[in-house]
Amino acid sequence: DFNCAESVLRMANEDLKLGIPEKGLKLVGGYGGGFGCGMTCGALCGAMAAISAAKIELRAHEDPNFKAVCSEFVNRFQNELGGVLCDDLKPRYQQEGKRCLAVVERAVDLVEAYIRQLDKK
């Protein structure tokens with residue numbers, strides 16, 4: 001019964017063995033529902049947190065490619081789901097009793113595949 005951001009980060013953490021402790025997983029709790037006001041999709045935010053955990057060694061700005069990594073993932077998410085805003089995605093994907101499970105599942109698949117692709121480079 002986690003929100004979209006929490007669900008994506010938890011699944012990526014488990015499947016990719018990112019090593020994020022329970023307290024760290026709570027940090028994305030406020031991102032669900034587009035920050036609670038329909039802005040950026042919480043599933044996308046959770047995915048970006050997973051990418052950050054997987055790819056940042058110490059600080060994001062120390063890696064000159066990190067912005068491009070983030071931008072590429074956002075583009076993939078947008079192309080796959082048709083948007084990045086909760087208010088745009090919710091009418092298309094939300095189902096009674098399942099909330100935005102379809103978005104969460106697709107975000108998990110996308111972010112796990114993307115991180116694995118980055119690891120191969």
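The values are calculated or read from the model by the stated rules, or taken from the named source; none is laboratory data. Just so you know, these numbers come straight off a predicted model, no measurement behind them. As a convention, Cβ positions derive from the backbone with ideal geometry for all residues, glycine included, and neighbour counts pool all protein chains shown. When the accessible area is computed, the model is the full protein with side chains, heavy atoms only, and any ligands, DNA or RNA have been set aside. Shrake-Rupley method; radii C 1.70, N 1.55, O 1.52, S 1.80 Å.
Quick notes
- Positions within segment 32-58 being in contact (Cβ under 8 Å) with a residue 60 or more places away in the chain and part of a loop (DSSP other than H, G, I, E, B), in sequence order: C41
- Total residues in segment 84-113, condition surrounded by fewer than 18 Cβ atoms within 10 Å (Cβ to Cβ), part of a loop (DSSP other than H, G, I, E, B) and either at negative phi or modelled with pLDDT of 95 or more (or both): 3
- Only residues that are open to solvent by 50 Å² or more (accessible area, probe 1.4 Å) and in contact with a strand residue (DSSP E or B) (Cβ under 8 Å, 6 or more places away or on another chain) were counted across segment 32-60, and they come to 1.
- Among the residues of segment 12-31, those identified as surrounded by fewer than 21 Cβ atoms within 10 Å (Cβ to Cβ) and part of a helix (DSSP H, G or I) are E14, D15, L16, E22, K23, G24, L25, K26, L27, G29, G30.
- Residue within segment 71-80 that is hydroxyl-bearing (S, T, Y), free of Cβ contacts under 8 Å to residues at least 60 places away in the same chain and loosely packed, with under 15 Cβ neighbours inside 10 Å present: yes
- Residues of segment 59-70 satisfying the condition of being farther than 16 Å from E112 by Cα and in a helix (DSSP H, G or I): A60, H61, E62, F66, K67, A68
- Condition check for D1: part of a helix (DSSP H, G or I), out of contact with any helix residue (DSSP H, G or I) (no Cβ under 8 Å at 6 or more places or on another chain) and without any contact (Cβ under 8 Å) to a residue 40 or more places away in the chain: no
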